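What follows is a single structure, written as structure tokens, with notes after it.
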Amino acid sequence: MATCSATPISSSYFTPISTTDLIIHRKTHNPCPIEANSKKNCENFRPLGLKPSSIAASSRNIRDQISGSSETLNSSSIAPKSREIWYTSMHEQWSRRNLFKGLALLWILAKRPVDCEAREVQVGSYLPPLDSDSSFVVFKATTKDTPALRAGNVEPYQFILPPSWKQTRIANILSGNYCQPKCAEPWVEVKFEDEKQGKVQVVAAPLIRLTNKLNASIEEIGSPEKVIASLGPFVTGNSYDPDELIESNMKNIDGQTYYTYKLETPYALTGSHNLAKATAKGNTVVLFVASANDKQWPTSQKTLEAMLDSFRI
């Protein structure tokens with residue numbers, strides 16, 4: 001799973017410079033105290049003990065001048081005020097140099113392509129069509145698709161979806177990649193979406209989160225209402241209210257029991273309309289969620305219901 005990382009730029013690039021006791025003449029770059037308030041006086045002013053060549057030193061040597069000249073600065077032959085002016089001048093030049101380096105780094109990073117952007121490719125371009133209905137394609141999850149499948153924590157699953165839908169990338173912290181093969185919290189397996197129709201996702205949860213019994217079936221975990229009470233927040237994306245449950249059913253398909261749900265969730269992050277299907281196999285509970293907002297729901301309800309019905313593990 002691709003991840004993004006960014007290296008912060010040191011705050012020293014943006015160190016503020018105090019100019020209370022310092023005026024920098026733009027032409028000569030000579031440090032000039034406040035009392036030299038005329039151009040002539042400023043041009044004639046040089047700190048005691050500081051040569052013009054030192055003031056005009058190249059930026060490559062500025063760091064060495066600052067860090068390696070403590071003996072010179074501490075010399076009694078240089079007045080304290082002059083030492084302060086010299087150091088402030090060198091510090092300003094060094095900080096300005098680092099600022100430009102930082103801005104250049106930001107420009108380079110901005111020009112680089114972002115590796116973890118989702119690929120804007122319709123699934124119909126690479127998934128096989130459904131034999132009985134060409135308006136859908138079939139997604140069959142394999143070990144190449146998710147960390148949990150590679151770790152053997154989730155049994156392979158499949159479902160159908162319209163060919164115009166696109167798969168979206170999942171953040172590493174949500175994918176379970178960091179905790180496999182022993183995750184204590186639910187994670188997102190895969191996610192697909194379409195701007196006009198809605199989105200679907202497969203969420204997996206360790207069985208121990210719902211029951212202490214190993215290899216328990218969904219019926220052994222509890223009733224449909226009990227299961228959705230535990231998994232509801234992963235349907236809505238935030239919280240679950242039992243009053244939001246409109247309908248629940250139990251189906252047995254090829255010896256595997258599934259709980260199905262219909263929810264009206266006006267405050268859900270996933271959408272105001274949610275359909276869900278849950279089952280348990282091995283040491284994992286798998287939840288299929290189809291979501292839509294009020295604008296999408298009227299035209300996509302039947303499509304989302306067909307996708308939910310097709311989910312198998």
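Structure notes:
- Label-zone membership for segment 164-187, site ILE208, 7 angstrom Cα→C-beta point, backbone N under 13 Å: 180-186
- Whole-Hz couplings from phi, Karplus 6.51/-1.76/1.60, listed for segment 176-182; x for Gly and Pro: x, 4, 7, 10, 5, x, 10
- Backbone geometry of segment 227-234 corresponds, through the Karplus equation with coefficients 6.51, -1.76 and 1.60 at θ = phi - 60°, to 3J(HN,Hα) couplings of 5, 5, 5, 7, 9, x, x, 7 Hz, x marking Gly and Pro.
- If you wrap the tightest convex hull around every Cα atom of segment 207-292 and split its volume per residue, you get 80 Å³.
- Temperature 10 °C, viscosity 1.306 mPa s: under these conditions the Stokes-Einstein estimate for segment 192-232, based on its Kirkwood radius over C-alpha pairs, is 131 µm² per second.
- Using θ = phi - 60° and Karplus 6.51 cos²θ - 1.76 cosθ + 1.60, couplings along segment 189-204 (whole Hz; Gly, Pro as x): 7, 9, 8, 10, 7, 9, 4, 8, 10, x, 8, 9, 8, 10, 10, 10
- Radius 14 Å from Cβ of LYS251, net charge of other residues (Lys, Arg +1; Asp, Glu -1): -2
- ASN215-ASP133 FRET efficiency (beta carbon distance; Förster radius 41 Å; 0.05 resolution): 0.75
- Protection proxy ranking for 206-219, 139-152, using the average of other Cβ atoms within 10 Å per residue and placing the highest first: 139-152, 206-219.
- Radius 11 Å from Cβ of SER291, net charge of other residues (Lys, Arg +1; Asp, Glu -1): +1
- For HIS273, distant residues with modelled amide H under 5 Å away: THR265, ALA292
Each value in this text was obtained by applying a stated rule to the coordinates, not by laboratory testing. A quick note: this is a predicted structure, and the numbers were derived from the prediction, not measured. Cβ atoms come from the backbone with ideal geometry, glycine included; neighbour counts cover every protein chain shown.
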